[in-house]
């Protein structure tokens, strides 16, 4: 148990569906992250929030929409996804020293997403 | 951007054997982390080790920052050690983003 909980563990959706992934951390951290892990590719950062503000936003298609209502919760809203979006989506949190490059990350168990 | 290379890509061990995994990185970094991803996808942070040596049970890690590499030692391996081991470093000064290596897939057989 890492203190970071993700739901659901598995999700199958059609390309026209709208769904949301949820992440909750119980570590008192101030930064939260979404990472994507595709088969045979390194983990890729999608979004980072520090104190509920987005601080880094890599080139992620607009069909992925993050939401951070408070420092303990993070959502990833999904709509009109493509089959190539099928992947393991991992949430992480860190203490947040505001510097960014010395954070120790704690990951959730991930949501395995399949887009049909 | 910074490059991270891990070796070997695959490793098969008999239970009880020892092993060393290597992580090379192309630029100076403020921190380096080792993670273990179990067969169910869970990523566990094993070490946060910008330099020096740390030990945690049967695992230990050493980072030589000046020579841009880190080593992860696994002693007396167990089947529960199976999975993929990743190292990761910050993508740039001040960046929250980590650059991950491609990982070493370890299989420990009874």
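Values for this structure:
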item: Residue list for region A:18-39, filter: assigned to a strand (DSSP E or B) and farther than 30 Å from residue B:104 by Cβ; result: A:18, A:19, A:20, A:22, A:24
item: Pairs where the first residue, in region B:72-101, is more than 7 Å from chain A (Cβ to nearest Cβ) and at positive phi and the second is in a loop (DSSP other than H, G, I, E, B) and at pLDDT 95 or above, C-beta under 6 Å, 6+ apart; result: B:76/B:16; B:76/B:58
item: Subset tally (residues that are modelled with pLDDT of 95 or more and buried (at least 16 other Cβ atoms within 10 Å of the Cβ)) for region A:50-72; result: 4
item: Answer residue from region A:13-37, given it is crowded, with 16+ Cβ neighbours inside 10 Å and within 12 Å of chain B (Cβ to nearest Cβ) and is nearest to residue A:81 (Cα to Cα) among those; result: A:36
item: Which numbered condition residue B:58 misses (of (1) more than 9 Å from chain A (Cβ to nearest Cβ); (2) within 17 Å of residue B:10 (Cβ to Cβ)); result: (2)
item: Those strands (runs of 3 or more DSSP E) lying entirely in region B:30-110 with at least 1 residues touching a strand residue (DSSP E or B) at 6+ places or on another chain (Cβ under 8 Å) and crowded, with 21+ Cβ neighbours inside 10 Å; result: B:33-37, B:43-48, B:59-64, B:69-74, B:83-90, B:98-100, B:104-109
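Each row is one residue, and each column tells you yes or no for (1) without any contact (Cβ under 8 Å) to a residue 24 or more places away in the chain; (2) touching a strand residue (DSSP E or B) at 6+ places or on another chain (Cβ under 8 Å).
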position: A:12; (1), (2): no, yes
position: A:19; (1), (2): no, yes
position: A:36; (1), (2): no, yes
position: A:44; (1), (2): yes, yes
position: A:72; (1), (2): no, yes
position: A:81; (1), (2): no, yes
position: A:86; (1), (2): no, yes
position: A:97; (1), (2): yes, no
position: A:104; (1), (2): yes, yes
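The values are calculated or read from the model by the stated rules, or taken from the named source; none is laboratory data. Source: prediction; values computed, not measured. Cβ sites come from the backbone with ideal geometry, for glycine too, and all protein chains shown count toward neighbours.
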